[in-house]
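The values are calculated or read from the model by the stated rules, or taken from the named source; none is laboratory data. Remember, predicted model here, so these are calculated numbers, not experimental data. Because the Cβ atoms are built from the backbone with ideal geometry, glycine has one as well, and the counts that use them run over all protein chains shown.
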Amino acid sequence: MDLVERVRARAELLRGARGRAAPTASLQILVRAGAWSDPSAGERLARLCLAAAEALGADPLFAARRTARLRVQAPAEPVLWVGPDGGRTWLRLGRAELGAGCQALAARLSAGDPRAEATAPAGLEILDLSTLGALEWRGALLGGAQGRLCLLAARPAPSGAQEAFGLALDFDAAWCEAGRAARFLAAVATALGAERVGCGPRS
Amino acid sequence: MRAAELIAERRGALRDAAPARVTPAHQVWLEAPLAPAQAMLDRLHAEGGLPPGLRAEVRHLLLRAAARALERHPWFNDFLLLSGGVQHNELVSVRVSLDAEGRPGHCSVPDPGRRPLVEVLAEAAAREVEEGVEAVRRAVKLARVRRSRPVFSRLVSEGVLEPLHWLRDRLPALERRLRRDVRRHGSLGLLDVGPLGATGVAGVLLACHSALLLLAAPRPGREAGPRLPVGLAFDARLFEAHEAVAFLREVTELLAEPEARLA
């Protein structure tokens with residue numbers, strides 16, 4: 001797509017209902033890989049998806065979607081929107097895909113699938129920026145989303161030699177307090193079998 | 001300055017400058033090695049390439065890197081207009097945010113990608129000094145103008161002036177002026193909080209930027225020597241995360257090899 005087309009497409013998109021952002025706060029932790037450590041980035045992301053789905057079982061708020069200022073719609077089943085490779089393509093993962101197992105999920109994530117813009121169902125967004133080398137992330141939630149989990153690149157842990165990955169969670173501060181977000185992140189880390197080594201990029 | 005005066009002045013500034021809605025901004029950070037950029041600047045200073053009294057900093061080199069990266073990612077020079085349209089900017093000109101005695105300001109360095117490096121560095125350093133002084137002068141003048149505001153408020157309350165009509169009539173002119181300003185100055189901004197000792201910055205984009213390069217104080221890195229955190233705050237409606245990271249990677253890679261790629 002050339003630049004003129006791209007600018008025109010963006011302008012068209014902005015005329016839609018995508019512009020209004022939720023009051024977003026972000027929380028970031030470092031997790032030492034542990035049992036999660038795997039040479040394949042696809043498998044690592046797949047395991048993160050499964051861990052997030054497990055954590056959503058305990059707290060489904062982050063997969064909900066705000067439909068009005070005082071109304072949030074929870075999904076009937078855990079739904080994830082996964083953006084491998086920095087969100088160039090997006091993939092919808094429902095109960096069937098999540099139940100297929102780690103290897104099948106990793107293969108599916110590697111294959112990619114363009115996100116359908118027309119549909120905006122509830123779901124937690126999982127954005128993988130680890131392969132691109134991003135070290136810190138802070139996002140704004142658009143379209144009524146309540147949560148976005150972002151996998152960041154590995155960096156040396158403050159207290160050890162083994163590298164630790166960053167996990168950032170963007171959450172709607174109008175509906176969720178920081179403690180709840182921290183508990184959700186802790187649940188994801190526990191489900192991954194990873195050890196938390198700090199909060200924030202330089203603790 | 002008394003607290004009441006300061007608050008009144010800030011309120012006036014916010015009324016003038018704040019956008020109608022907060023821009024939904026994403027922010028992503030990478031790190032670049034500091035040593036190569038610092039070594040290049042030290043060499044330029046030792047050779048006497050810059051006019052006496054001017055000191056080029058890494059942020060001035062970042063202007064060059066940003067301009068070079070814009071050649072491959074030109075959409076970060078786009079600008080979102082009040083009407084919802086997108087203005088593409090052909091000219092590359094990076095704005096540097098200034099803190100002049102606590103008063104915000106900016107200076108623009110035109111075409112930092114193609115001109116000789118020493119010229120760009122010298123102009124950036126000189127403009128920062130000049131515009132810093134000018135920002136203070138403008139702020140004092142603005143404070144004087146604001147003292148006449150009660151008169152206008154009284155005229156509005158008496159029905160002599162109608163502020164909404166005033167705004168409606170002037171909005172197209174404001175947008176025209178903004179468009180012209182963007183064409184002249186470019187829309188990519190640079191904010192360096194390193195000299196203040198900050199290791200990061202979080203917040204929203206300024207009204208005049210679609211993307212803002214962020215520079216923080218160096219941190220100890222895994223290799224020898226400190227690493228320079230370089231961030232990008234960008235309008236989430238205009239750009240995707242992978243585009244922002246690709247742009248930022250280009251900038252950090254250019255900063256890692258300044259002699260080969262920025263000279």
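Yes/no per residue for (1) within 12 Å of chain A (Cβ to nearest Cβ); (2) modelled with pLDDT of 85 or more; (3) buried (at least 23 other Cβ atoms within 10 Å of the Cβ):
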position: B:Ala17; (1), (2), (3): no, no, no
position: B:Gln27; (1), (2), (3): yes, yes, yes
position: B:Pro33; (1), (2), (3): no, yes, no
position: B:Gln38; (1), (2), (3): no, yes, no
position: B:Glu47; (1), (2), (3): no, yes, no
position: B:Ala65; (1), (2), (3): no, yes, yes
position: B:Gly84; (1), (2), (3): yes, no, no
position: B:Arg103; (1), (2), (3): no, no, no
position: B:Val109; (1), (2), (3): no, no, yes
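If we scan the stretch B:242-253, do we find a residue that is surrounded by fewer than 16 Cβ atoms within 10 Å (Cβ to Cβ) and modelled with pLDDT of 90 or more?
Looking for residues that are surrounded by fewer than 16 Cβ atoms within 10 Å (Cβ to Cβ) and modelled with pLDDT of 90 or more, one finds at least one in the stretch B:242-253, hence yes.
Residue-wise test of (1) at pLDDT below 90; (2) closer than 25 Å to B:Phe239 by Cβ; (3) within 12 Å of chain B (Cβ to nearest Cβ).
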position	(1), (2), (3)
A:Thr119	yes, yes, no
A:Leu135	no, yes, yes
A:Gly143	yes, yes, yes
A:Ser159	yes, no, no
A:Ala178	no, no, no
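Can you find a residue that is at pLDDT 90 or above and within 14 Å of chain B (Cβ to nearest Cβ) anywhere in the stretch A:180-193?
No - not one qualifying residue is present in the stretch A:180-193.
Say whether the condition of being among the polar types (S, T, N, Q), at pLDDT below 80 and in contact with a strand residue (DSSP E or B) (Cβ under 7 Å, 6 or more places away or on another chain) is met by at least one residue in the stretch B:185-205.
yes
So which of A:Ala46, A:Ala55, A:Ala33 ends up being at pLDDT 80 or above, in contact with a Phe, Trp or Tyr (Cβ under 7 Å, 6 or more places away or on another chain) and either farther than 18 Å from A:Ala21 by Cα or of a type in the set (Val, Ile, Thr) (or both)?
That would be A:Ala55, the only listed residue that is at pLDDT 80 or above, in contact with a Phe, Trp or Tyr (Cβ under 7 Å, 6 or more places away or on another chain) and either farther than 18 Å from A:Ala21 by Cα or of a type in the set (Val, Ile, Thr) (or both).
Taking the options B:Glu123, B:Glu134, name whichever one is part of a helix (DSSP H, G or I), away from every other protein chain (no Cβ under 14 Å), touching a Gly at 6+ places or on another chain (Cβ under 8 Å) and modelled with pLDDT of 70 or more.
B:Glu134
Results for (1) under 23 Å from B:Arg95 (Cβ atoms); (2) within 17 Å of the chain's Cα centre (by Cα); (3) away from chain A (no Cβ under 12 Å), shown as yes or no for each residue.
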| site | (1), (2), (3) |
| --- | --- |
| B:His209 | yes, yes, yes |
| B:Leu215 | yes, yes, yes |
| B:Gly221 | no, no, no |
| B:Arg237 | yes, no, no |
| B:Glu240 | no, no, no |
| B:Glu243 | yes, no, no |
| B:Arg249 | yes, no, no |
| B:Glu259 | no, no, yes |
